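No lab work stands behind these numbers, since they all come straight from the coordinates. None of these values were measured; they are calculated from a predicted model. Cβ atoms come from the backbone with ideal geometry, glycine included; neighbour counts cover every protein chain shown.
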Amino acid sequence: MSNDLLCFRLLFKNMKMKYMNVTNYVTKWNTCLNYVKRNNSTSVKTKWQSVVGLEVHAQLNTESKLFSGAQNTFGGLVNNCVSLFDAAIPGTLPVLNRKCVELGVLTALALSCKVNEVSSFDRKHYFYADLPAGYQITQQRAPIANGGVINFQVFTPGIHKKPYKKSSKIKQIQLEQDSGKSLHDSELKRSLVDLNRAGAPLIELVFEPDLEDGEEAAALVKELVLIVQKLGACSGRMEEGALRVDANVSLRKFGEPLSTRTEIKNIGSIRGVAGAVRHEIERQRTILDNGGHIINETRSWDATNKVTIAMRDKEVVQDYRYMPEPNLPPLRVNLHTKEDTQDVISVPLIKETIPELPEDSRRKLIEEYDLREISAIQLVNEPALLNYFYELVSDVTRNPTKVANLLLNDLLTVLNKRKVDVEYCTITVNQMKESTDALLNKQINLDIYRKLLDELFDRPIDFSVLEIIKEKGWTLESDETVIEQKCKEVLDNNPKLVKKYKEGKVKILNSLLGILAKTTSNKMDMAVATKKMEELLKK
């Protein structure tokens, strides 16, 4: 069924057309058509549109916690970074950490949010063993910032043929403290509590429900990780719990209001975000197709079995019994001047410190370095690769496209083979420069280039690339006389292939060149060899 026909059926089945004027008709038609293009035929047939909204908690990069002087660190000894306030000892009072406010404002500005001149803190009550006070200090009613938008690229090889742009609106950004961590021992049947994380500074970013699937949700989180890392606001290390994602997922008939949602709590990886949302959409679709109803509940993501698991009924706002925090005055910032005092933070001054953001980097790579959109996306998604790229193209003799291809294809191939993340690549910038120059200057070929990169992992970081090439005998033979002689030997030893070539089977040339490469340990300049082989075959 064509997109136009699917669009026609959706439009007339789900929209009230009786009083629709031409302008509204065109608008609705375009909305339907965009939806049809983005969704497969199955989802259209069942008439379910998936709706996804995210809530992201990012732990701020500060030395101390949000309201106490306790150390804010990961991996410390259990219950070793806990102040009296963090443990909710009676008589202790919160003292707001100025650095947390600055990082919260910086993140809000980078996401085009409206920073509020006055914000306030609330108590959010719930009773967990890892929350000693019985409430969390947050900013529900008057957050530090509202509005804003995040723009990102959605591209998953194997799922999307090409990237497409997407954006998600931000409802609010609020400062709040983290809870502790419960440790459950199933064998001993007991639970223990580590309060090192209790009181750690967080910003919660609440996004509007304007995403459609797991790939879009994962792409948003990836972009957010890149942004907070670039700002220095958060490490973005999801494996350490520095950034955690809650996903709200629901299905509705196209054109109808939002329906009952489920919340997937504390997803700890970008891949997990895509998998959890994808599974939950399919789970809800199966229930609805069979005539069932979705329950408003909180679920968790089982990354091992790739399923979401019911945890508890979803709390509503009334369950938290919000009340103003009596021990903290309203938080005021200066929106208009660059006067930064001990008591009031200047927002204009913070705005001047915003660095080049991922969206700007992609645009720069495309416009200034003439890279393909996909290459730009892949480089920006890996800051370590992007740093290599900028360092390598600082010398104008190196072609940016060739450099990008070497990084994205060859370096990543070596890293994947060794199961090493790009972030932990031990090859230095100077070694990358020497290796790349050796290839571009035809001292080595592409096959040797990959072997050279692999060899560098086993050498000291100050080891010379040229010494390795000399030691291994990897220097490329470019002397035309030597290459011609080797080509003659191949032809003399393979008369049957030569005969087939002269009978018109020109693809035999590739076989002959393969034999040459194998017999010379792939140390010939194949561009010269191809030319010489063709000349000899024509004689």
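Averaging over all projection directions, find the projected area of the Cα convex hull of segment 78-123 and quote it in nm² with one decimal place.
Average of the hull's projected areas for segment 78-123 equals 5.0 nm².
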* Any chance you could run the full-extension gain for Val396 through Lys306? It's 0.36 nm times the residue separation minus the Cα-Cα distance, nm to one decimal. => 27.6 nm
* Asked: So how tilted is helix 480-493 from the main axis of the chain? Cα-based, degrees 0 to 90, rounded to 10.
  -> 80 degrees
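Which of Phe121, Phe85, Phe457 has the fewest other C-beta atoms within 10 Å, and how do the rest follow up to the most?
Numbers: Phe121 27, Phe85 22, Phe457 13.
Ordered from fewest to most neighbouring Cβ atoms within 10 Å, Phe121, Phe85, Phe457 come out as Phe457, Phe85, Phe121.
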* Residues Ile350, Ile270, Ile287, Ile264 arranged by fewest to most Cβ contacts within 10 Å -> Ile287, Ile270, Ile350, Ile264
* **Relative contact order of the chain, pairs being alpha-carbon contacts under 8 Å that are 6 or more residues apart, as %** => 12 percent
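Once the other residues with Cβ under 13 Å from the Cβ of Lys169 are scored (Lys, Arg +1; Asp, Glu -1), what is the net sum?
On the way: positive: Lys114, Lys166, Lys171; negative: Glu208, Asp210.
It works out to a net charge of +1.
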* Asked: At a Förster distance of 41 Å, what's the computed FRET efficiency of Lys99 paired with Thr298, Cβ-Cβ distance as r, to 0.05?
  -> 0.80
* If contacts are Cα pairs under 8 angstrom and at least 6 residues apart, what is the relative contact order of segment 50-332 in percent? -> 24 percent
* With respect to the cross-link table entries Lys65/Lys364; Lys351/Lys402; Lys222/Lys306; Lys417/Lys505; Lys451/Lys505, which display a Cα-Cα separation exceeding 27 Å? -> Lys65/Lys364; Lys351/Lys402; Lys417/Lys505; Lys451/Lys505
* To do: Check the straight Cα-Cα distances from Lys171 and name the aspartates and glutamates below 14 Å, setting aside those fewer than 8 residues away within the same chain.
  => Glu55, Glu204, Glu208, Asp210
* To do: Can you tell me which of 390-396, 484-490 comes out highest on packing, and rank the rest after it, using the mean Cβ neighbours within 10 Å?
  => 484-490, 390-396
* Label-point separation in nm, Asp370 to Leu192, each point 7 Å along Cα→Cβ -> 6.2 nm
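Going by how many other Cβ atoms sit within 10 Å of their own, how do Leu188, Leu537, Leu109 line up, fewest first?
Numbers: Leu188 8, Leu537 17, Leu109 21.
Going from least to most buried by this count: Leu188, Leu537, Leu109.
Can you tell me the mean projection area, over all orientations, of the convex hull of segment 358-472's alpha carbons? Units nm², please.
Values: hull surface 27.2 nm².
Dividing the Cα hull surface by four gives the mean projection, 6.8 nm².
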* With only alpha-carbon atoms counted, please give the Rg and Dmax of the chain, in Å. => 29.6, 98
* Roughly how tilted is helix 3-14, in degrees to the nearest 10 and between 0 and 90, from the longest Cα axis of the chain? -> 10 degrees
* Asked: Looking at segment 236-312, which trypsin sites (Lys or Arg not before Pro) are DSSP coil and have at most 14 other C-beta atoms within 10 Å of their C-beta?
  -> Arg237, Lys306
* To do: Subtracting the Cα-Cα distance from 0.36 nm times the residue separation, let me have the gained length for Asn405 to Asn80 in nm, one decimal.
  => 112.3 nm
* At 1.306 mPa s and 10 °C, Stokes diffusion of segment 480-538 via Kirkwood alpha-carbon radius, µm² per second -> 142 µm²/s
* Asked: How long is the gain from Glu535 to Asp437 if the chain were fully straight, where each residue apart is worth 0.36 nm and the alpha carbon distance is subtracted?
  -> 32.3 nm
* Structure fact -> For segment 480-538, averaging the sequence separation of alpha carbon pairs under 8 Å that lie six or more residues apart and dividing by its residue count, the contact order in percent is 46 percent
* **Angle in degrees between helix 358-369 and the longest Cα principal axis of the chain, rounded to the nearest 10** => 30 degrees
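For the chain, what is the mean residue ellipticity at 222 nm derived from helices alone (per DSSP H run of n ≥ 4: -39500 (n - 2.57); sum divided by total residues; nearest 500 deg cm²/dmol)? Working shown, then result.
Values: 19 runs with 212 residues, N = 539.
The helix contribution divided over the chain gives -12000 deg cm²/dmol.
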* Size-normalised alpha-carbon gyration radius of segment 128-187, reference 2.2 N^0.38 Å -> 1.84
